[in-house]
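The values are calculated or read from the model by the stated rules, or taken from the named source; none is laboratory data. Predicted model, so just to flag it, every value in this text is computed and none were measured. Positions of Cβ are generated from backbone atoms using ideal geometry, with glycine treated the same way; all protein chains shown enter the neighbour counts.
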Amino acid sequence: MDGYPLGSLDHNVPLIVVSGLSSDPPDQPPKAKGQGVLLRSDLPPLEGKEANFLESYFEEVDERGKSWTVVTREEHFRLRVKTVGRSFVLPSRRATLPETIEPLTTAPILHSPFSPLSPSSALYPDGLMNAQWIKKHQEEIPSIFVCFHTLTSDSKIAVQQDNRLKSALNGMRATLVESGYKTRLVVIILGDAEAKTNLTAEIIQDRLEGVRRGTGLDPKSIFYIPPQESPSELRRVMDSIFALLYNTAIEYYRDLGRHARKKRSRGIVPQPTLPPTSGTSQTLSLPDWNFRYDFKSAIFAEFRQEIDAAIRSFEQAYEILLGQDVLDIIPSWSPRWNEARLLADIISIRCLRLHLWMGQTSLAVRRWQSHRDRISDFVDRRGRGTNNYGWQAWESRWAMVMANMIEMVEVPGLGPSTMTIFLQPEKALFGERLQPWELLHHTGYWYRIAARHLGARRTLAHRIPDDDRGAPDASPASRVASKAIRYDTYMCPPPHEEYPLNGNGINHAQLMIDCLLNARGQFQARKQHRIAAEISLECAREMATLGSWNEVLAMLRPLWEDKSFRSEWWLDISEEILWVMRRAAAETGRADIVVAIDWELMNERFTPRKKWHYDLAKSLDGVSSTSRPFITISDDVASSFISTSFAFRSKEGRAGETCLAQLSLKSEALQAAAPVTLSSIRVEFEGHLKPITLIHDSDLQTNSSETPVSVTPVALTEQLGGDTKESDQSEKEDKNDGDGDEDKAKDEDEVEDKDDEKEGQLTGKCDLTLRPGHRQVFEMNIPLREPGQASASRVVLTYKTDTFELDYTLSLSESGKITGWFVQGATKPRLSRPDGHILHIQPRPPKMKLRLVEPLGQFYANEPIPLRIGLYNEEDDSANVKLDIRIVGKTIPRFQVDAGEHKREVDTAEEESQVTGIALGHIASSSSLELSIHLDPTPAPTVYEIQIRADYHLESDAATPIVQVLPIHLNIVNAFEANYDLMPRLHPDPWPSLFDYEDLQDVSDGDVIQARGLAQQWCLVCHYASFATEDLDVVGLDLVVTAVTPGGRCQVVNQPELSADGMIVAPKTMYEARFGLVAQKITLDDRHPVAIDLAFVVRWRRRRQLADGENNTINVTTMTVGQYMVLGTEPRVLASVLHSSQEQAGLVRLDITIENPSSHFLTFGLVMEPSDAFAFSGSKQTTVHLLPMSRRTKTYRLLPLARGVYIRPGLVVRDKYFQKVLRVIPTEGMKIDKDGLLVWVPPAPEAEEKAEG
Amino acid sequence: MSAAIPSVACLGVIGRNNNPLHISIFPSYDPTANAFTPIRNPLQFSLLLSSTIDVFDLRSKTSTASGDFGLLHAIDDRLAAYGFETNTGVRMVCIVDMRGRRVEAGGSGVSGQGGGVAGASTASSTSASAAAARSSVGSVGAGLRDSEIKPGM
């Protein structure tokens, strides 16, 4: 906007002059030259805080009045306010005649000093219009002249004061009327502080009325402000006064507008005061005057904020101006030509603004374009054409105007916060085919266009021939004249200032940079980062032309660092950025950036630049740097022309072993580039692998330098805490002893470098020269030390020259990266697999052997379990061992660990029990150590998991922990199983008699109570078998009565006797043991049955232990037999048999004993059936009566007819009362089946003898 | 005096990772040289194409599912970028030169088609003919017919 005359583009709003608030500056007495009209009064100006407040309030209103934003209906007023003292000078309405001319005969008709009719005006005689006129209305002639006065409350001087006020106002009114200006006079009277208390409303009313009448003001022009409580209230009052005055002001401008229209409609050409005597002596024609009048109407409409009317008048004026009668006939060499162009611009700008105010954004763009097109057409036809710097300067200015306007008008919906790129067209244009540019784009685009045109301007300026570039005083006048015609200097400097031969002309680059920076800000605010980057690049190029290299760097560095364009493969763009930046970096001596960019530009994906060395060694040629820089860059800042991959041969390896790995370096450099020789490569790993350093050694030439891929085996040397140890290598390189010293020096260097790293590293030597397009693969055998996962994380390539040193870091740890294995002669890798850079290192296989000294046998419950464990160190070195023992099971018995001097004992525990950290000390290589674990007997079969874990490390490698584990599964079973049968027997003793008094008497023999109740004899038959896997010695069998119901008594009367050596019990064979039992009640009165609990005890020992000569421990296995009920009250029938001696020829006596332990009298019937098997004597059918608590025996004598067989006596015992058959219970020598009793008849001795004989 | 009508200046396909897949550049009519030359150099076209990515990103938040972004933005009063995005995220950008072809003042046909058609008309230079030229621009409009999209050379 700058460049247009001051005031020509202002937003026109009514002007109000406020007087009487501040005193006039004393040193500047009011002008009384007679030129102007002086308005003054002698009354003192207002003072006090109200005056101060009002002053600041008016400033605020004035500031708002300067805004270019649209005046909406909601806004009550938009005013410019000018504060003056008690005096104010209005410009003179009539111009004076110049003094040089002779007095005229007739009285001259004088015109306004701004009119082209007045000789004193700049426009005289044929100028159209200038900004002076707008300025006059906006700044000098107020629509309203406001006087502030006070109303004294002091009654003594009130009348006098009022009269003075009246006379002052009258004087001013008279001056105004006389001047011819239609400015309204308004009086605002402030009540003083006491007015509220001293004066009543009526008095004030009367006094104001008096003043009004005395001065002849109309009632709307006099205001009274009573003293206010607070500034905010005063502000409210002033707001409402201004809102009223605003309407008055609008009226004022309407009158002016009407006047202008009236003059236009007269249709006559006014004559100047004096006819022009100089120049062309041409005066304005009627169209010129019409243009003037339309322009004025438009301006007045703008004062009134009547947008439609303003546009109409402006467009009318514009058409007249660019029509055939005005601009077309002005010669292009005349200064009036440029003035007319300026007017056309001003009108267009004002129209644009009006369109934007109305929200007609697309119309505004259209108007912008059409003005440019019309002017260009005009300039082409009538002026100097458009192919010159002047036109481009104007084009740039024109774009800038739009940008500024959009910002100043604050077009709604286009601010940066809305993120809008362009506005949709207004409703009036919907449905029309709009050019894309007609959608109003944000200011960034406009600034950019301006910058483009500035660029074109520079190009054209640089084409100015040298003849024209000299200062005008140095060249002949004719040439100056021709220059004036040839060059368009509308709003831009003449050629000798634009691009002078000597000295600086217009700084085009700086102008462009300013524009571009503005544009960039707008694009960035709307997140259009790529355009912003593009503009940054343009900007940087301009800065480069200025030589401000630091700024170039600052501009491009963010782009370079965030890899914009490069990461998205916009190669041509990134290349451009890189080259510009490289130049800037070289100029500023930023060696690191230069090298990084050179490194990057070597990549063949960029187009090769001719005559460029492409040699890293020459990178810093011509770059001034004080010291030899050490440069560190990584692949996230600068991409590389060397691509690397790292692959392990296999997915898994073992600690203590080695693993083959390949590091592949591919140079993707341009073919023209020089080979690069790296000084070293360092591969770093994540996880338990030491870094590998490969050092360049030019003597180790690669074997095949012509093939695209060469695979070189590299021997690695391991350095561990300073001492150097050759790692076992499958392929060893021949070391050249000649340069041993040099190597050593290098090694020392390396060691010094990595002194801070304690872990040591692996080093190797090879030729690290990379030719363009060549892939160099280094095959290494890496010793693995610690278990875990190792992945190659990064590669640091070090490049050293005399001028600098570079470390370039490449990341290897992209997950899922597919790497392959290279073999000599093939260009493509084989066995490609993802994550080839990751190696799982299994723990070092332990060579310490841990085993049981004796093979694990079967262990049984109730026997102690001894385990002997041997540790055999089969490692190459002596080991320091610690042992952990852990037992898991249901119930862990007490156990002891005995390992030489270390003895540990652990008590019974539930579920888990352990001994940890038994330090066994050193075990020398190939020697052994034995320890024993002794578990106490377990009461029942169970399962134990025993884990014996040896943690050790070798003396030579204390850092590598090794673990060996021996798991033992112990399944403990019962050695014996048994089943039982309790069979009744006939107790031989007679039952106690109820009638035997003495026997029943309780006689206590000391502590022992003699049992006197009923007694029964039983026989427990145990069938037991060994479940062991081997023969066992049973050394004792016992029956233990574990529990008897109180009131009963039970004892074992006989049991099987075994020899002292015991009996051999073979596995899985049934054995029988019989125990005699006698159960008895304490008293006869007790009638309850007795429960007895029995346990069968087997005392046994292992046979094999005897062989060892050790103490053959006797293990005791106790098996519970269960509970039996004896001595019930039910009667029972017992049969017992007695075989006769030899002489009595096999006679068998069968006793049937009926016991009645109840307290009832019972009657039984006995029937003995005859049989073919035997003859018998005894009652065939009889009745037996039994008293309570008694028993009776019936005896039969049987003579068996056969021998060696069972005979079946058909004996039935029936309870007479219940008619129930009682079961006859067999005792020894008998058995029973479902049909009844069976009696064994032993074979006759004679028969035996006969058989023997 | 000839009037200008729109033509395609550049076609670009941008991959889903914002990488350029394809760029074609077509020459525009240059009235000063009376020849067909590309309006910008390849680097500038690359920059123009890449700048549309921002607009795609900005609009994709509010855009409909159809993929047709229509006018992305006008670069200046001559060049405008139109875009389409496939459902796989591939973007196609057409940069149109609004004054890339020329129409003879009186004729309605597309005479700039043939490429190096000479005949810089210097005949009439009145404002009336300029106005006529403008109106013919308006009548042709921004739309491109199939025949106009073909490369001129």
Review point. So which residues in the stretch A:535-575 are within 25 Å of A:Trp446 (Cβ to Cβ), among the acidic types (Asp, Glu) and surrounded by 20 or more Cβ atoms within 10 Å (Cβ to Cβ), if there are any at all?
Key: A:Glu538, A:Glu542
Exercise for review: Take the stretch A:393-425 and flag every residue that is part of a helix (DSSP H, G or I) and within 13 Å of chain B (Cβ to nearest Cβ).
Suggested key: A:Glu395, A:Ser396, A:Trp398, A:Ala399, A:Met402, A:Ala403, A:Pro416, A:Thr418
Check your understanding: Which residues, taken from the stretch A:377-435, are touching a strand residue (DSSP E or B) at 6+ places or on another chain (Cβ under 8 Å) and of a type outside the set (A, V, I, L, M, F, W, C)?
Key -> A:Gln435
Review point. For the stretch A:1045-1093, list the strands (runs of 3 or more DSSP E) that sit wholly inside it and hold at least 1 residues that are crowded, with 16+ Cβ neighbours inside 10 Å and at pLDDT below 80; which are they?
Key: none
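Residues checked against (1) modelled with pLDDT of 90 or more; (2) within 13 Å of chain A (Cβ to nearest Cβ); (3) over 30 Å from A:Arg367 (Cβ atoms):
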site: B:His22; (1), (2), (3): yes, yes, yes
site: B:Thr32; (1), (2), (3): no, yes, no
site: B:Asp77; (1), (2), (3): no, yes, no
site: B:Cys94; (1), (2), (3): yes, yes, no
Practice item. Please go through the stretch B:34-73 and pick out each residue that is in contact with a Ser or Thr (Cβ under 9 Å, 6 or more places away or on another chain), over 30 Å from B:Arg102 (Cβ atoms) and away from chain A (no Cβ under 11 Å). Key: B:Gly67
**Study point:** Residue among A:Glu576, A:Glu561, A:Glu587, A:Glu568 that is within 12 Å of chain B (Cβ to nearest Cβ) and touching a residue at least 24 places away in the same chain (Cβ under 8 Å)
**Key:** A:Glu576
Check your understanding: Quick check, is A:Leu128 out of contact with any Gly (no Cβ under 6 Å at 6 or more places or on another chain), buried (at least 21 other Cβ atoms within 10 Å of the Cβ), part of a loop (DSSP other than H, G, I, E, B) and at pLDDT 85 or above?
Key -> yes
Check your understanding: Looking at (1) more than 30 Å from A:Asp488 (Cα to Cα); (2) touching a Ser or Thr at 6+ places or on another chain (Cβ under 9 Å), can you tell me which one A:Ala298 breaks?
Key -> (1)
Check your understanding: Can you name every residue in the stretch A:1-16 that is touching a Leu at 6+ places or on another chain (Cβ under 8 Å), closer than 30 Å to A:Leu244 by Cβ and not β-branched (Val, Ile, Thr)?
Key -> A:Pro14, A:Leu15
Point to revise | Filtered residues of the stretch A:70-81 (kept if modelled with pLDDT of 90 or more and under 53 Å from the mean Cα position of the chain (by Cα)) | key: A:Arg78
**Study point:** Matching residues in the stretch A:481-539 - criterion: being assigned to a helix (DSSP H, G or I), within 12 Å of chain B (Cβ to nearest Cβ) and over 23 Å from A:Asn404 (Cβ atoms)
**Key:** A:His529, A:Arg530, A:Ala533, A:Leu537
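Is it the case, given these coordinates, that A:Asp1038 is surrounded by fewer than 16 Cβ atoms within 10 Å (Cβ to Cβ), touching a strand residue (DSSP E or B) at 6+ places or on another chain (Cβ under 7 Å), over 21 Å from A:Leu1127 (Cβ atoms) and at pLDDT 80 or above?
So A:Asp1038 does not fit the description; no.
A quick yes/no check of all residues on (1) of a type outside the set (A, V, I, L, M, F, W, C); (2) at pLDDT 85 or above:
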{"site": "A:Val888", "(1), (2)": "no, yes"}
{"site": "A:Thr891", "(1), (2)": "yes, no"}
{"site": "A:Lys903", "(1), (2)": "yes, no"}
{"site": "A:Glu912", "(1), (2)": "yes, no"}
{"site": "A:Val915", "(1), (2)": "no, no"}
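Conditions tested, residue by residue: (1) of a type outside the set (A, V, I, L, M, F, W, C); (2) under 42 Å from the mean Cα position of the chain (by Cα).
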| residue | (1), (2) |
| --- | --- |
| A:Asp377 | yes, no |
| A:Asp380 | yes, no |
| A:Trp391 | no, no |
| A:Trp398 | no, no |
| A:Glu407 | yes, yes |
| A:Pro412 | yes, yes |
| A:Leu429 | no, no |
| A:Leu434 | no, no |
| A:Ile449 | no, yes |
Check your understanding: Scanning the stretch A:426-436 for residues that are in a loop (DSSP other than H, G, I, E, B) and more than 10 Å from every other protein chain (Cβ to nearest Cβ), which turns out surrounded by the fewest Cβ atoms within 10 Å (Cβ to Cβ)?
Key -> A:Gly431
Review point. Yes or no: A:Val594 more than 35 Å from the chain's Cα centre (by Cα) and under 23 Å from A:Trp549 (Cα atoms)?
Key: no
Check your understanding: If only one of A:Arg530, A:Arg452, A:Arg520, A:Arg469 is assigned by TED's automatic domain parsing to the domain that holds A:Met400 and either of a type in the set (Ser, Thr, Tyr) or under 25 Å from A:Trp337 (Cα atoms) (or both), which one is it?
Key -> A:Arg469
**Study point:** Residues satisfying the stated conditions in the stretch B:1-20, i.e. in contact with a helix residue (DSSP H, G or I) (Cβ under 8 Å, 6 or more places away or on another chain), within 10 Å of chain A (Cβ to nearest Cβ) and under 16 Å from B:Thr86 (Cβ atoms)
**Key:** B:Ile14, B:Asn18, B:Pro20
Revision key, fill the gap. Of the residues in the stretch A:1013-1058, those that are among the hydroxyl-bearing types (Ser, Thr, Tyr) and more than 28 Å from A:Gly1229 (Cβ to Cβ) come to A:Ser1026, A:Thr1029, A:Thr1042, A:Thr1045
Revision key, fill the gap. When every residue in the stretch A:336-388 that is of a type in the set (Gly, Ala, Ser) and more than 28 Å from A:Tyr487 (Cβ to Cβ) is compared, the one farthest from the other protein chains (Cβ to nearest Cβ) is A:Gly359
**Study point:** Members of the stretch A:206-236 that are closer than 30 Å to A:Glu302 by Cβ, under 58 Å from the mean Cα position of the chain (by Cα) and in contact (Cβ under 8 Å) with a residue 12 or more places away in the chain
**Key:** A:Arg235
Practice item. Keeping to the stretch A:453-484, report how many residues are of a type in the set (A, V, I, L, M) and modelled with pLDDT of 70 or more. Key: 6
Point to revise | strands (runs of 3 or more DSSP E) wholly inside the stretch A:823-882 containing at least 2 residues that are surrounded by fewer than 18 Cβ atoms within 10 Å (Cβ to Cβ) and at pLDDT 85 or above | key: A:865-873
Study note, to complete from the structure: In the stretch A:437-468, anything part of a helix (DSSP H, G or I), away from chain B (no Cβ under 11 Å) and of a type in the set (D, E, K, R) is listed as A:Arg457, A:Arg458, A:Asp466, A:Asp467, A:Asp468
Check your understanding: Of all residues in the stretch A:131-161 being modelled with pLDDT under 85 and of a type in the set (D, E, K, R), which is nearest to A:Pro226 (Cα to Cα)?
Key -> A:Asp154
Point to revise | So A:Arg367, is it in the same structural domain as A:Tyr487 (by TED's automatic domain parsing) and within 17 Å of A:Phe291 (Cβ to Cβ) | key: no
